[in-house]
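Each value in this text was obtained by applying a stated rule to the coordinates, not by laboratory testing. The structure presented is a predicted model; accordingly, all values stated were derived computationally and were not measured. Please note: Cβ atoms are built from the backbone with ideal geometry, for glycine as well, and neighbour counts cover all protein chains shown.
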Amino acid sequence: MNTEVPRRALPGAARVATLWVLLSVVACGDSGKPGPADARPVAPRTAVRKAVQEDLTASTTTTSPTFSSYIATLPPVAETASVTQTLEATWDPSLQSLNYPPIYPQGWAIEYYAGGTKLATPTTPSEWATVSRVRALSSIPLDVEGVDGERQAIVAKSKAPRVSVRERYPLPSGVKGDGWDVFFDAAYTRFYNVHHHNNLNQMLCRELATGALCPGYPINLTQTSIRSTGRIDAASNKFWQPSVTDVPPFKLAWDCVDLTNDTRCAKPVVLSEIPAAHVKKPDAVNSDLKNNNYNDHIDPAVIGRKMYAIGFASDNRTFITCLDMATGTECPGKDLGLTRLGNANQSGLAAVGNLLYVVPGRGFDLDCYDSTTWNRCPGTWPQPVSSVSSSPVWAVPDANGDIQHICANNVCFKLDGSPPSLPPGFANEIQAHRVLGNLNEDVQNGGASSFGSKVAWAYGITAPASARSSKAMCWDMATDTKCGAGFPITVPVLYTTIFDPENPDCMWTNTDNGEINTWQISTGTKGCNIAGAARFSFKTPVSVPRLSCDPESRVYHYKSFTLTSPAPSTYTSATLTVRDSNGKTLPGWDKKTIDSATPVVDLSTLSTAETGLTPSFDVAVTGLGNATVEPASEIRVTTGAPPQLCWDLSSPPAAACPVGPKLASTTASPPRETDVTAKGSLTANATTRPFTDQTVRTSVATANFETCGARLRATVVSLSDGSPVAGAKVFLLDSEGNPVLDSSGQPVSAVSAADGTLEFPVWVADYMLKMSGTESYIPAYMNVTEGGSGTTSPVSGTVTSNTVTTTANQVSHVQIAVTTTQTPPTPPPAENDEAWFQGSGCTAAGGAQSALVVMLVLGGLAVLRRRRT
């Protein structure tokens, strides 16, 4: 059989095909709905302006359609002046929302607005969602000295308040819990502690001078271990502690607290990829140990900006975990490769340089690993330790204050694992009185610490029963004797001994009764007297403001240090010592003389690579006549970046969902864009200069049927026998009974298929359905079966359903019963999507249009036939 189309027939067939397409467009086209060919093109995303030194810049990084990060940067100030500056950002809160505080220059104030209305600082998701503008402004003028190359040169003026600490700090009224140690803010105005073993797993903060609870505290944490503590990343001013989730799937984790805002961090918990062992002690007397797994992640140690801890994982694995505090993300750790799971009872971890010394629990050896390679340290490792008590692992200095030994409780080695060469007096004392906290022989609650040439630890007298007591010992390696005549000090239920970071003659203790005390080291008596102290510490995180969003850009280059108070006439001599971020004196920067005639020290050769991000400038003076003077300094630096405002905006898919009852498109919507605007200003010499507004265009989440759409279905059946009824027309109404209109302004309707079903794809909202009687059928009732309830009866031949509430990505349903009066019309083809009610490309009201198409095509064929004849 020859199926070849005659060659001379092709032109006519082609004309017919062309005519069919054109007529289909005329008959079925929706003039009010642009198709792909005439759709309005989406405006291209504006390119971020190249940074220009003289003007404001703004840029964005969009990681997904639902999340974008923004940064606005002021130009460096070219003149030498005392200036104030502002930075602000504005966005459409219906499309994007702020969920947590932005990052802005240290020492500036932040304001929140909803339109033109100033808001209190938001605390709840709904409050954050109303914010449409933030404004950061420098509350204290900044002294600038022009530009240094392309960077801002500043004079950072700061004070080092001499805080008199209290003798005792009982628990604040209404606060319960206890443990475990203490740590301090960079400005040395507050101290913190974390309550342990989930006994009110909270972080506390108190004012040094008054003991009052800091605003916003206690702050709840996920879980807290038996030796509950953490570390403050001074560069970002965030506190981190190793933790573990207490709900499946159990994961090792880290808690984060933003100490600048005194709230949990924007990302309050960072989860590890490592599943927790979920260790419990069912035979324990303590109900917390019996029912909780909080000891699965414990004993933090810090090297640079990385926190390491011991993690007990599933499959009997024990890790040294790693958290990069600079990024708030997990970094590669070390699987210790043990043949059995370690335990927190007698575990410990300590850092010396880049080396980590670890005992993974009672019954394990002391080992050492290089944190940069995870290779075992040079020397002789591992080394056996006491089977009774191997915790804590702590670094022990020599007479000069240099760390030379590592100890697992009272079993010590040189840093290469060779036998120790400790001062004999200390060696005898630590053997006689090993570290023991709160007289607990089973789980080590005690801590040990070192500062300079001194070490301190908690120990206990356990026998005879009449002599049971907790003690604190302090030993000076430089003299190989007790630090003061009053040692050992009796401290009931003692956990830890901590050296004060500012006063070398002060030690702190924390105890099981929740009370924290201070002790004068030179005498061993209660209370730290610093009235005659002549050491002032200017710490970079406090003394030099961070202008940019990145803490590592705080200082690009140091220039000079000037002691502006006390005045040279009030003291005999003064020296400056520079210590790195770990508190170690930098070579060549120990006790540099401060000239009384010109109290300036040149810092141009001070390497930021050696100082780290948070060095301190410590001044020691002799012959100071005024014990109440407030020390002050000026540090000249070149900053790494000028002032910046950084903020994150989320655009949940629901933000792009159409509002109100409408037909939905089940195809992908084109990208949607929104503008975010940054503004800035500079005030110098009483003149304010606004910078050019910068607008950043951002793609945001678009209307997506899966997240915004729903299917409203109806089934039309015969009242007499429940059989499906085809060809019945149903109209879509809003919840007020008004017709929902299509893009041409016509009421939306659908006709039931052979199986009696019809469907409206809609955006999530409340709807109603309506049917009126015809010659073929009369409505009997409507019953909402999904998305609502209730049966309605017809009025004057028309029935309207109760309200149907649609839910995203869900199906709502209405049952419709009718009485048929004659043979129903031929049903339309059943289809599985919305194509039928749209007339296979036309609207549901397009039956007449379809007939027009057929008539026009037949007419076209007749014309072609006449031409051939």
If the label point sits 7 Å along Cα→Cβ of Leu338, residues of segment 433-475 with amide N under 16 Å come out as 443-444
Computed from every Cα-Cα pair in the chain, P(r) in 10 Å bins starting at 0 and rounded to whole percents is 2, 10, 16, 17, 15, 12, 9, 8, 6, 4, 2, 0, 0
For Val814, the residues 5 or more places away or on another chain with a placed amide H closer than 5 Å to its own amide H are Arg713, Ala714, Thr715, Thr785
Rounded to the nearest 10 degrees, the helix 847-868 long axis (Cα) sits at an angle to the longest Cα principal axis of the chain of 60
Rounded to the nearest 10, the angle in degrees between the Cα long axis of helix 10-28 and the longest principal axis of the Cα atoms of the chain comes to 70
Net charge near Lys592 (other residues with Cβ under 12 Å of its Cβ; Lys, Arg +1; Asp, Glu -1) is -3
Quick calc of log₁₀ I(q)/I(0), segment 343-411, Debye, one scatterer on every Cα, no solvent, q values 0.16 1/Å, result -0.50
Cross-link reach from Lys662 to lysines, straight Cα distance under 18 Å and at least 8 residues apart if same chain, gives Lys33, Lys770
Quick note, segment 123-167: a/c under 1.5 would make it rounded; otherwise a/b > b/c is prolate and the rest oblate (a ≥ b ≥ c, C-alpha gyration tensor); here it is oblate
Among Thr805, Val194, Thr224, the residue whose Cα sits farthest towards the positive end of the charge dipole of the chain (+1 at Cβ of Lys and Arg, -1 at Cβ of Asp and Glu, taken about the Cα centre) is Thr805
With a 26 Å threshold on alpha-carbon distance, the violating pairs from Lys539/Lys591; Lys118/Lys176; Lys176/Lys526; Lys559/Lys591; Lys238/Lys591; Lys157/Lys238 are Lys118/Lys176; Lys238/Lys591
To the nearest 0.05, the calculated FRET efficiency linking Ser164 and Thr121 through their beta-carbon distance, R0 being 41 Å, is 0.85
Here segment 685-702 yields Karplus 3J(HN,Hα) values (6.51, -1.76, 1.60; θ = phi - 60°; whole Hz; Gly and Pro given as x) of 6, 6, 10, 9, 10, x, 8, 5, 4, 10, 10, 10, 8, 10, 7, 10, 4, 9
At the level of C-alpha centres, the distance separating segment 70-103 and segment 289-353, in angstrom, is 39
Neighbours of Gln404 by Cβ distance under 9 Å: Lys/Arg at +1, Asp/Glu at -1, summed charge -1
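Just to confirm a number: summing +1 for Lys and Arg and -1 for Asp and Glu over residues other than Cys377 whose beta-carbon lies under 10 angstrom from that of Cys377, what do you get?
Spelling it out: positives minus negatives among the neighbours equals -2.
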Residue span Ile461 to Ala485: 0.36 nm per residue of separation minus Cα-Cα distance leaves a gain in nm of 6.7 nm
For the Ser314, Thr798 Cβ pair and Förster radius 60 Å, calculated FRET efficiency rounded to 0.05 is 0.40
Taking the alpha-carbon centre of each part, the distance from segment 576-648 to segment 428-464 in Å is 36
Here the gain from full extension of Ser604 to Ser789, 0.36 nm per residue of separation minus their alpha-carbon distance, amounts to 58.7 nm
Ordering 210-218, 635-643, 722-730 by per-residue average of other C-beta atoms within 10 angstrom, highest first, gives 635-643, 722-730, 210-218
About its Cα centre, the chain carries a charge dipole, from +1 on Lys and Arg Cβ atoms and -1 on Asp and Glu Cβ atoms, whose size in debye to the nearest 20 is 1240
Val388 and Thr585 label points (each 7 Å along its Cα→Cβ direction) are spaced in nm at 3.8
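With r as the distance between the Cβ atoms of Gln810 and Leu719 and R0 = 30 Å, compute the FRET efficiency 1/(1 + (r/R0)^6) and round to 0.05.
On the way: r = 28 Å, r/R0 = 0.94.
With R0 = 30 Å, the Cβ-Cβ based efficiency is 0.60.
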Two pseudo-spin positions, 7 Å from Cα along C-beta at Ala266 and at Val629, lie apart in nanometres by 4.4
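Please work out the Cα convex hull volume for segment 392-513 and give it in Å³ per residue. Spell out each step's value before the answer.
Values: hull volume 13.1 nm³, N = 122.
In segment 392-513, the Cα hull volume divided by residue count equals 107 Å³.
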Label model pair Ala686, Arg468: point-to-point distance (7 angstrom along the Cα→beta-carbon line) in nm is 7.6
